[in-house]
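Okay, so here's the structure we're looking at.
The values are calculated or read from the model by the stated rules, or taken from the named source; none is laboratory data. What you see is a predicted model, and the numbers here were worked out from it, not measured in a lab. Cβ atoms come from the backbone with ideal geometry, glycine included; neighbour counts cover every protein chain shown. Note: areas computed on protein heavy atoms with side chains; ligands, DNA, RNA excluded. Shrake-Rupley method; radii C 1.70, N 1.55, O 1.52, S 1.80 Å.
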Amino acid sequence: MASAPPTLMLSPEDQRAQLWSRLVCHNSDLNNADDIDDGATGCPKERDWPSYDAVISHVATADYKQNIKCPHDHISDKSKMICPHGVICCAKMELFDYPYDDDDDDNNNHKSSKAYSGLFQPGTTVENCILRLSTAIRPLDQGIQAPWARAVMKTAVGSKLRNAKLVPGAALKCFRSNGIPSGNLLLLGSKVGQREEDYFAHCQSTQMTEKMPALAMPFVKKFSQYSDYPLSLGLSDFCAHDSNGTGAGAHLHFPYSIVFQPLIEGSHYKTTKEAAPPQLQLDAKGKPIKEKYNFQTFDSFLDEATHIPIGTPVFDVYAVPDPEAVGDPTRLERIGRITTTSSMIQSAPTDGLAFRHQIKEDDFMMRPEWKDGIQRKIKHGKLKGTVGKLAGWRLYEEDIA
């Protein structure tokens, strides 16, 4: 394992500020330097997205051990091929008080058997975070010029992949002190992509379904070299220490999956740099009403996202406590909310921002009964299968609704 960087001895605030300054500097050519701090953006530039073939070639030869073991938050010589272009902002994560339930049975806040620990400790706010939003790859038909090649592509892939505009992904980095590396969450929406050009159209999850199209198999085959559960992110490290670096010890408690529910909706409305931070509006059931922004084509959401005002709630955080809870809406827990604390700026593939991926085996070592739990057969709507095969963004989104 790589040696711990000296920056880990800084406070979470200083770690975040130092990395943020570095990212702003590197990405300055993508952003209007005069407007970085007040939410405006420069003229959109055409982005160079790698083709599907280029991504597959890279995946076939890449060594992803660094993504699993490296404690560094920034790697200078790192260039992203998956989720290459994105937007980033400073953010905070507010954790709701425990127990998470109240008198309203419609808000999906039902009592967990135990409060989560570490960075999910109830009643706390993780003030120093960096949030990155992206799409995994560009639409498959973009970059294919020859008509015959487009025709082959359309017959070779399923309708979902053929019509997909975005494969939304999110990553959250939460800084910790006392020499403890940051906690990292990585989430994905539909792995075959969504038709909507609105990045915020659907939930994202740390767990992906095992149903896999042929075009995605090279990714799974590669990532299976590092984990027997390549479609599921470990969460025990995130809950092992809080932002002060204090260890949970015997009180370590972590969920099976995490879900981000967007609080922003792409529609007619477009903010400007003069717009005031929006006040979160609630519907009759007390659920947030999504703010509306305008997203137009493929990666234009990266330009539009820079208009999101500072202080905007962007995601509610839901926890799935264990595999037994999958498919049971009453056990899905709304535990927190993520809010921007800076403007969003463009994030280049070469800016070096790195997010550690924890393998699921780490969780199973501490919760061995979960390995049997993911084999449990469930029925959810028209879907039938095991927890391991069905757990993912769509199932959780339907349970939240």
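What net charge is computed for the residues neighbouring G352, neighbours being all others with C-beta under 13 Å from the C-beta of G352, Lys and Arg scored +1, Asp and Glu -1? Display every interim value, and only then the final one.
Details: positive: R22, K78, K80, R132, K173; negative: D73, D77, D351.
For residues surrounding G352, the net value is +2.
For the stretch 298-401, compute Rh as the Kirkwood radius over C-alpha pairs and then the Stokes-Einstein diffusion coefficient at 10 °C and 1.306 mPa s; write the answer in µm²/s, rounded to an integer. Walk me through the numbers before you get to the answer.
Values: Rh = 16.8 Å.
It comes out at roughly 94 µm²/s.
Taking a 1.4 Å probe, which of T209, T306, T246 shows the most accessible area, and what order do the others take after it?
Values: T209 40, T306 0, T246 80 Å².
Highest to lowest solvent-accessible surface, that is T246, T209, T306.
Sorted by packing (mean other beta-carbon atoms within 10 Å per residue), highest first, where do 19-25, 258-264, 62-68, 329-335 land?
Values: 19-25: 16.4, 258-264: 24.1, 62-68: 14.0, 329-335: 20.0.
Put in order of decreasing packing, that is 258-264, 329-335, 19-25, 62-68.
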